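Here's the structure, in structure tokens; my notes come after.
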Amino acid sequence: KAGVTQTPRYLIKTRGQQVTLSCSPISGHRSVSWYQQTPGQGLQFLFEYFSETQRNKGNFPGRFSGRQFSNSRSEMNVSTLELGDSALYLCASSPPGGPGDTQYFGPGTRLTVL
Amino acid sequence: AQSVTQLGSHVSVSEGALVLLRCNYSSSVPPYLFWYVQYPNQGLQLLLKYTTGATLVKGINGFEAEFKKSETSFHLTKPSAHMSDAAEYFCAVSLSVQGAQKLVFGQGTRLTINP
């Protein structure tokens, strides 16, 4: 099976712009989660989607949003970008099971905000 | 609240030496515990996980970890380090909220292998 894919791999934006990142999960996986990784804060949970519904959201401002499509592909959007949004954004997919399921991560999208 | 503490942000060992990366967790319920590895410019790769059953868990690349409930620990070990083990390692606990799984990560440990 193909792994989790994320596009684009690199992005450079300026403050105030908005950005959309895309994630394609492993075939058959219905849960998609997003994480932000920064040197200062480490890995932080953004949100999780299952069957097009957001089931859980981390402690991030409303500028961060996401959605999931019927084919389980997911997008996340960040509006009004700030310098502090520069980070590696990781997407992970897992089977529709419980908390012991493995989350499989994509390579990430590195966002730089100038 | 569930949390994870990794002791030592940087660990350096010689090639062939024992690797020991420490992880302690806090959880009010039986935890599901994971170790992931991240190579430069890549995502996270699962090394091993503990759900239930045997407390000594074997993973990929010769790594293993032991779940010790009494010590709330899940330390990662490898008997003999290889240069290719140089990477960042993350311990995580899984939290279930309204059916959704959320991983809570430690701050990571950067492993350096000296020739």
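Just so you know, all these numbers are worked out from the coordinates, no wet-lab data involved. Please read these numbers as outputs of a predicted model, since none were measured by experiment. Every residue, glycine as well, gets a Cβ built from its backbone with ideal geometry; the counts of neighbours run over all protein chains shown.
Looking at residue A:107, is it part of a loop (DSSP other than H, G, I, E, B) and closer than 12 Å to residue A:4 by Cβ? Write out each step before concluding.
Values: part of a loop (DSSP other than H, G, I, E, B): yes; closer than 12 Å to residue A:4 by Cβ: yes.
So residue A:107 passes the test.
So if I check each of B:48, B:56, B:111, which one is aliphatic (A, V, I, L, M) and within 14 Å of chain A (Cβ to nearest Cβ)? Write out each step before concluding.
On the way: B:56 fails: within 14 Å of chain A (Cβ to nearest Cβ); B:111 fails: within 14 Å of chain A (Cβ to nearest Cβ).
B:48 is the lone residue from the list that is aliphatic (A, V, I, L, M) and within 14 Å of chain A (Cβ to nearest Cβ).
Looking at the stretch A:78-99, which of its residues are outside any loop (DSSP other than H, G, I, E, B) and under 20 Å from residue A:41 (Cβ atoms)? So that I can check it myself, show each step before the final result.
Kept after step one, since they are outside any loop (DSSP other than H, G, I, E, B), are these residues of the stretch A:78-99: A:78, A:83-85, A:87-94.
Result: A:78, A:83, A:84, A:85, A:87, A:88, A:89, A:90, A:91, A:92.
Provide a single number: the residues in the stretch A:45-56 that are surrounded by 17 or more Cβ atoms within 10 Å (Cβ to Cβ) and either outside any strand (DSSP E or B) or not hydrophobic (A, V, I, L, M, F, W, C) (or both). Give the derivation first.
At the first step, the residues of the stretch A:45-56 found to be surrounded by 17 or more Cβ atoms within 10 Å (Cβ to Cβ) are A:45-50, A:55-56.
After this cut, where a residue has to be either outside any strand (DSSP E or B) or not hydrophobic (A, V, I, L, M, F, W, C) (or both) as well, the list is A:48-49, A:55-56.
Adding up the residues that qualify gives 4.
Given B:76, B:95, B:103, which one is at the interface with chain A (Cβ under 10 Å from one of its Cβ atoms), within 15 Å of the chain's Cα centre (by Cα) and in contact (Cβ under 8 Å) with a residue 40 or more places away in the chain?
Working: B:76 fails: at the interface with chain A (Cβ under 10 Å from one of its Cβ atoms); B:95 fails: within 15 Å of the chain's Cα centre (by Cα).
Unique residue meeting the criteria: B:103.
Based on this model, can you work out whether residue A:68 counts as over 14 Å from residue B:101 (Cβ atoms), touching an Asp or Glu at 6+ places or on another chain (Cβ under 6 Å) and within 13 Å of chain B (Cβ to nearest Cβ)?
Working: over 14 Å from residue B:101 (Cβ atoms): yes; touching an Asp or Glu at 6+ places or on another chain (Cβ under 6 Å): yes; within 13 Å of chain B (Cβ to nearest Cβ): yes.
So residue A:68 passes the test.
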| message | Please count how many residues of the stretch A:98-114 are more than 8 Å from chain B (Cβ to nearest Cβ) and either polar (S, T, N, Q) or free of Cβ contacts under 8 Å to residues at least 12 places away in the same chain (or both). | response | 2
| message | Looking at the stretch B:35-45 only, could you name the residues that are within 11 Å of another protein chain (Cβ to nearest Cβ) and in a strand (DSSP E or B)? | response | B:36, B:37, B:38, B:44, B:45
| Selection within the stretch A:59-76 - over 12 Å from residue A:23 (Cβ atoms) and assigned to a strand (DSSP E or B) | A:64, A:65
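Residues of the stretch B:25-43 being of a type in the set (S, T, N, Q), under 21 Å from residue B:112 (Cα atoms) and surrounded by 13 or more Cβ atoms within 10 Å (Cβ to Cβ), which ones? Outline the logic, then answer.
From the stretch B:25-43, those of a type in the set (S, T, N, Q) are B:26-28, B:38, B:41-42; that's our starting set.
Now narrow it down to the ones that are under 21 Å from residue B:112 (Cα atoms): B:38, B:41-42.
Correct list: B:38, B:42.
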